[in-house]
Amino acid sequence: MTAATADEIARARTILRGARRLLVFTGAGVSAESGVPTFRGPGGVWNSYRAEELATPEAFARDARLVWEWYAWRRTLVARCEPNAAHHAIARHVAAHPESLVVTQNVDGLHQRAAREADPTRGGTSVVALHGHLFGVRCTRWPACSTRGTHVATIDATSADTLPRCERCGALLRPDVVWFGEALEATDLEAAFDAAQRADACLVVGTSAVVQPAASVAATAARAGAPLIEVNAEVTPLSRLATVSLRGRAAELVPALLDD
Ligand code: BJW
């Protein structure tokens, strides 16, 4: 990895600071320095499981206890994490540029927490969470059963009998996240692709850009003419579309790009 040079940072900074409608597209790498493991790459292991093994409806149908155990472990871990300097710099920038939007693949809620701090009035609405919410649940009979919401209580995944159940219909609850093979929320996709079409610039932070359709959000912005600035520890499939592709740590580079 060759670290970003001062010239590259200065060029990216000029582009980003001139953008009124900035689209910020992020993945697990933006939260890595908060202590949240990434999915892929070095250190990219969640308790020795890969997302492709447990983040599927088939895995939940086969062994709901195991999948809930994985999510319970992740919830405990993320509950101890705080937004880092990258989340805060992004939140401050978006608060100062209300036509900007954060589109994240992360389910950890750290962008939303930073956004609420930076702008209590707009708060979480400046963040579109394409893959759902780690501290959300919905009924497994959803949408036939409408139970869906925030759930922060401890999950007891010691047996199938102790898993959380729907208060309305008694069916199992499941994490309110998007698993492989499942459709993303239409309203979230529309907001993300609409912002991509209209963006003056797009800042992509900490994603391997291999999961679709999310990765296409940044590619769409680039194809619609927005200069794309990438911050990542490694080269990704988006690097070749980038106007400036910066190698390095998000918590160091993002404030250097966005802060006054
Ligand atoms: C740092 C750093 C630091 C580290 N600083 N950088 C087209 C082609 C091929 C396949 C498909 C396709 N279209 C759809 C598919 C199938 C599939 C897919 O994309 N598969 C690919 C893997 C091949 N997609 C789906 O199934 C999606 N659904 C769908 O398409 O439905 C269609 C449908 C339509 C209508 C009806 C029904 C169905 C759904 C995808 C859901 C993904 N879900 C997960 C789990 C979410 C819940 C949970 O968290 O438990 O989302 S998987 C996992 O990957 C998670 C992430 O959001 C997502 C992306 O990962 P991300 O964020 O990029 O993280 P990493 O770890 O991969 O990368 C981290 C990066 O950070 C690295 O690059 C590091 O270098 C960097 N980094 N430290 C800066 N400090």
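The values are calculated or read from the model by the stated rules, or taken from the named source; none is laboratory data. All values reported here derive from a predicted model rather than from experimental measurement. All Cβ positions, even for glycine, are placed from backbone atoms using ideal geometry, and neighbour counts span all protein chains on display. For the accessible areas, the whole protein counts, side chains as well, though only heavy atoms, and no ligand, DNA or RNA atoms are used. Shrake-Rupley method; radii C 1.70, N 1.55, O 1.52, S 1.80 Å.
With respect to the conditions (1) touching a residue at least 60 places away in the same chain (Cβ under 8 Å); (2) open to solvent by less than 70 Å² (accessible area, probe 1.4 Å); (3) out of contact with any strand residue (DSSP E or B) (no Cβ under 8 Å at 6 or more places or on another chain), E52 falls short on a single one, namely (2).
Among the numbered criteria (1) touching a residue at least 60 places away in the same chain (Cβ under 8 Å); (2) over 22 Å from V107 (Cα atoms); (3) touching a strand residue (DSSP E or B) at 6+ places or on another chain (Cβ under 8 Å), which one does V205 miss? Every condition holds for V205 apart from (2).
Criterion applied to A209, A201, A160 was being at positive phi and either open to solvent by 80 Å² or more (accessible area, probe 1.4 Å) or not β-branched (V, I, T) (or both), and the one residue passing it is A209.
Only a single item in (1) in contact with a Leu (Cβ under 9 Å, 6 or more places away or on another chain); (2) more than 30 Å from A226 (Cα to Cα); (3) within 11 Å of the ligand (Cβ to nearest atom) is not met by A64, and it is number (3).
Note on the stretch 1-19: residues that are of a type outside the set (S, T, N, Q), in a loop (DSSP other than H, G, I, E, B) and at pLDDT below 95 amount to 4.
Which residue, of G170, G181, is in a loop (DSSP other than H, G, I, E, B), within 7 Å of the ligand (Cβ to nearest atom), surrounded by fewer than 20 Cβ atoms within 10 Å (Cβ to Cβ) and small (G, A, S)?
On the way: G170 fails: within 7 Å of the ligand (Cβ to nearest atom).
Only one candidate passes the filter, namely G181.
Determine whether E82 is free of Cβ contacts under 8 Å to residues at least 60 places away in the same chain and open to solvent by 50 Å² or more (accessible area, probe 1.4 Å). Steps first, please.
Values: free of Cβ contacts under 8 Å to residues at least 60 places away in the same chain: yes; open to solvent by 50 Å² or more (accessible area, probe 1.4 Å): yes.
Yes, satisfied.
Among the residues here, A209 does not qualify as small (G, A, S) and closer than 21 Å to H97 by Cα. The residues listed here are D200, D194; of these, the one that is farther than 22 Å from L258 by Cα and not hydrophobic (A, V, I, L, M, F, W, C) is D194.
Reported count of residues in the stretch 206-240, each being within 18 Å of G18 (Cβ to Cβ) and of a type in the set (A, V, I, L, M), is 7.
What about A89, is it open to solvent by less than 10 Å² (accessible area, probe 1.4 Å), small (G, A, S) and away from the ligand (no atom under 11 Å from the Cβ)? Judged against the criteria, A89 is a match.
Looking at R138, R223, R165, R240, just one residue is under 26 Å from G44 (Cα atoms) and open to solvent by 10 Å² or more (accessible area, probe 1.4 Å), and that residue is R240.
Within the stretch 222-245, the set of residues being near the ligand (Cβ under 9 Å from one of its atoms) and touching a residue at least 24 places away in the same chain (Cβ under 8 Å) comprises V231, N232, A233, E234, T236. Being within 12 Å of the ligand (Cβ to nearest atom) and open to solvent by 10 Å² or more (accessible area, probe 1.4 Å): is that true of D176 here? So D176 passes the test.
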